[in-house]
Amino acid sequence: MSEASGVIRAALARAQAPCVTSSFQAECVVLMHLLRAERPDLPVLFLDTCHHFAETLAYRDELVRAWRLNLIVLRAAQPRVGLWQAESTDACCRRHKVAPLFAALEQYDVWFTALRREQSPSRATLREVEPFRLPGGTTIHRVSPLAAWTTKDVWAYARQHGIPLLPLYARGYTSIGCEPCTSLPPDPANPRSGRWGGQKLECGIHVQAE
């Protein structure tokens, strides 16, 4: 776990405009805890998709107050509630997640994420630090200090530091996104099997621009 702190310190040392994205899942909160030790005022970007669980928003607000987070809420220019059903989950993710995040990231040079290799086959080759090209052509550094961590590592850190986690975990959810596209995991061996009904592995915000 000390390796994650080293990655964070090295990335912050070269950053002029760093930020972290957070969906307030367990790994996101652990990462924010580590980052607060180095940069308490770091901008925390949160995507308001208009489809979050009420529990997620309440938990976010509690943690923002308790930790005095520098929260920046991102939202689509023209949100469309129910787009996932009226059109497709891809269209909904593009409008409510990908577009507002990539637009916001243009003003930063280092982007911290809580991605982990264990989470998905699409993340298996994740590196702690790698260039990430935005649709506009700007290249920033995406930093994933928890890349090598397991779920057990995340939960152990949270227990060790007395960090309360999103109450939805107690109801059996293992990967939590927007409410319409998140279910209890049908495959206990795959924590992300409850996302998007198994239709896809990623929403698009961690996919490089072509």
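The values are calculated or read from the model by the stated rules, or taken from the named source; none is laboratory data. Please read these numbers as outputs of a predicted model, since none were measured by experiment. Note that each Cβ is placed from the backbone with ideal geometry, even for glycine, and that neighbours are counted across all protein chains shown.
Quick one: is A99 part of a helix (DSSP H, G or I) and closer than 24 Å to L42 by Cβ?
So A99 passes the test.
Could you check, for segment 79-97, whether at least one of its residues is over 15 Å from the mean Cα position of the chain (by Cα) and among the hydroxyl-bearing types (S, T, Y)?
There is at least one residue in segment 79-97 that is over 15 Å from the mean Cα position of the chain (by Cα) and among the hydroxyl-bearing types (S, T, Y).
Residues are listed down the side, and each one gets a yes or a no for (1) charged (D, E, K, R); (2) free of Cβ contacts under 8 Å to residues at least 40 places away in the same chain:
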| residue | (1), (2) |
| --- | --- |
| A104 | no, no |
| F112 | no, no |
| R117 | yes, yes |
| L126 | no, yes |
| F132 | no, no |
| A147 | no, yes |
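Only one of T150, T182 is surrounded by fewer than 16 Cβ atoms within 10 Å (Cβ to Cβ) and touching a helix residue (DSSP H, G or I) at 6+ places or on another chain (Cβ under 9 Å). Can you tell me which?
T150
Give me the pairs: first residue in segment 84-100 and hydroxyl-bearing (S, T, Y), second residue at pLDDT below 85 and crowded, with 16+ Cβ neighbours inside 10 Å, beta-carbon distance under 7 Å, and six or more apart or on different chains, which are they?
From segment 84-100, the pairs are T89/C181; T89/W196.
Could you pull out the residue among I163, I176 that is at pLDDT below 95, in a loop (DSSP other than H, G, I, E, B), out of contact with any Pro (no Cβ under 8 Å at 6 or more places or on another chain) and crowded, with 16+ Cβ neighbours inside 10 Å?
I176
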